Amino acid sequence: MKILEVKGLAKSFGKTKVLKGIDFSMEKGEVVAVIGSSGSGKTTMLRCINFLETADQGQIYVDGNCIFDGASGKKLTPAQERENQLNFGLVFQNFNLFPQYTALENVALAPKLLAQERPDYKQNKKQILAEIEENAKSLLDRVGLSDKRNNYPCELSGGQQQRVSIARALALNPKVLFFDEPTSALDPELTGEILHVIRDLATKDVTMVIVTHEIDFARNVADRIIFMADGVVVEEGTPEQVIDHPQNERTQAFLKRLE
């Protein structure tokens, strides 16, 4: 069973059709990189899947369960959207860390807020919070920041801040982890830090979708490449198929512009 299926996803802003029917699916543990020119719809697709935008049409399935059906005509409640969002983790290109919190506090914040909804929270508050903090420490260790737990974002490099944001996205144990241009705000020498972390996650069967302009980055980390243009999936396949031997003229033209 596919862990994520997207069928016929469409989105317009006013009279502008940004997504014109996106179809793709992925297996558990697969890493998919989405490439394409600015304005091709990559980020809008990501935002619709993560319920930061509401698609006009299409379906989204997680583990075979339909969590969004644009044809139903039913608007999701805020509670339903939040529940759907818990399937996914999202790493933003500009980190979006809370400057007033330490790295550890940034990672633990969302799980602590979610824990307050548990029926046993008041009775077991001390134990629950201790477990959340231990998990946050473990995640920071996982991204190589065990010595930066008590540092504030302003005390961290861009690469370190992005690694904190990756740990934060993993804190709620999402089924699929999304990255929106994870290296675009970094100096070139720091890109390797993030590539190393993502490669490590891939070896541990973390399912990931990475929207990126970095073709070498996509080649090095992805199992499969999706090339988008004008709101549709134009071509998809292995990095060798899409990047080294593209079949579609639009893919060829896009890659040639980057040479």
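The values are calculated or read from the model by the stated rules, or taken from the named source; none is laboratory data. A quick note: this is a predicted structure, and the numbers were derived from the prediction, not measured. With ideal geometry, Cβ positions are generated from the backbone for all residues, glycine too; neighbour counts draw on all protein chains shown.
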Let me spell it out: the conditions are (1) under 18 Å from GLU236 (Cβ atoms); (2) among the acidic types (Asp, Glu); (3) modelled with pLDDT under 95, and ASP23 meets all of them except one. Which number is the exception? (3)
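Does THR77 satisfy being more than 20 Å from PHE179 (Cβ to Cβ), touching a residue at least 40 places away in the same chain (Cβ under 8 Å) and of a type outside the set (A, V, I, L, M, F, W, C)?
No; evaluated as a whole, the condition is false for this residue.
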Do we find a residue being in a loop (DSSP other than H, G, I, E, B), of a type in the set (A, V, I, L, M) and either at pLDDT 90 or above or not assigned by TED's automatic domain parsing to the domain that holds ILE67 (or both) anywhere in the range 166-183? yes
Unique match (being closer than 18 Å to TYR152 by Cα, in contact with a Lys or Arg (Cβ under 7 Å, 6 or more places away or on another chain) and among the small types (Gly, Ala, Ser)) among ALA103, ALA108: ALA103
Scan ILE243, ILE198, ILE226 and give me the residue that is part of a helix (DSSP H, G or I) and either in contact (Cβ under 8 Å) with a residue 40 or more places away in the chain or on the phi > 0 side of the Ramachandran plot (or both). ILE198
Residue, surrounded by the fewest Cβ atoms within 10 Å (Cβ to Cβ), within the range 31-57, restricted to residues that are of a type outside the set (Phe, Trp, Tyr) and on the phi > 0 side of the Ramachandran plot: GLY39
With respect to LEU186, is the statement that it is within 20 Å of the chain's Cα centre (by Cα) and outside any loop (DSSP other than H, G, I, E, B) true? no
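When residues of the range 128-145 are filtered for being closer than 20 Å to GLY158 by Cβ and out of contact with any His (no Cβ under 9 Å at 6 or more places or on another chain), how many remain? Give the steps one after another, and end with the answer.
Let us first name the residues in the range 128-145 that are closer than 20 Å to GLY158 by Cβ, namely 139-140, 142-145.
If we keep only those that are out of contact with any His (no Cβ under 9 Å at 6 or more places or on another chain) as well, we get 139-140, 142-143, 145.
Here the count works out to 5.
Conditions (1) farther than 21 Å from ASN150 by Cα; (2) charged (D, E, K, R); (3) in the same structural domain as LYS148 (by TED's automatic domain parsing), marked per residue:
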| residue | (1), (2), (3) |
| --- | --- |
| ALA71 | yes, no, no |
| LYS74 | yes, yes, no |
| ARG82 | yes, yes, no |
| ALA110 | no, no, yes |
| LYS122 | yes, yes, yes |
Can you spot a residue in the range 196-203 that is within 24 Å of GLN241 (Cβ to Cβ), at pLDDT 95 or above and crowded, with 20+ Cβ neighbours inside 10 Å? no
From (1) under 21 Å from GLY89 (Cβ atoms); (2) of a type in the set (Val, Ile, Thr); (3) not in a loop (DSSP other than H, G, I, E, B), pick out the condition that doesn't hold for VAL206. (3)
Out of all the residues in the range 68-88, is one or more within 22 Å of ALA218 (Cα to Cα) and modelled with pLDDT of 95 or more? yes
Helices (runs of 4 or more DSSP H) (entirely within the range 58-156) containing at least 2 residues that are hydrophobic (A, V, I, L, M, F, W, C) and surrounded by 17 or more Cβ atoms within 10 Å (Cβ to Cβ): 103-115, 121-142
Given the condition in contact with a strand residue (DSSP E or B) (Cβ under 8 Å, 6 or more places away or on another chain), touching a residue at least 60 places away in the same chain (Cβ under 8 Å), aromatic (Phe, Trp, Tyr) and crowded, with 19+ Cβ neighbours inside 10 Å, answer yes or no: does some residue in the range 12-30 qualify? yes
Considering the range 157-183 alone, what residues qualify as being farther than 15 Å from ASN50 by Cβ and surrounded by fewer than 19 Cβ atoms within 10 Å (Cβ to Cβ)? SER157, GLY158, ASN173
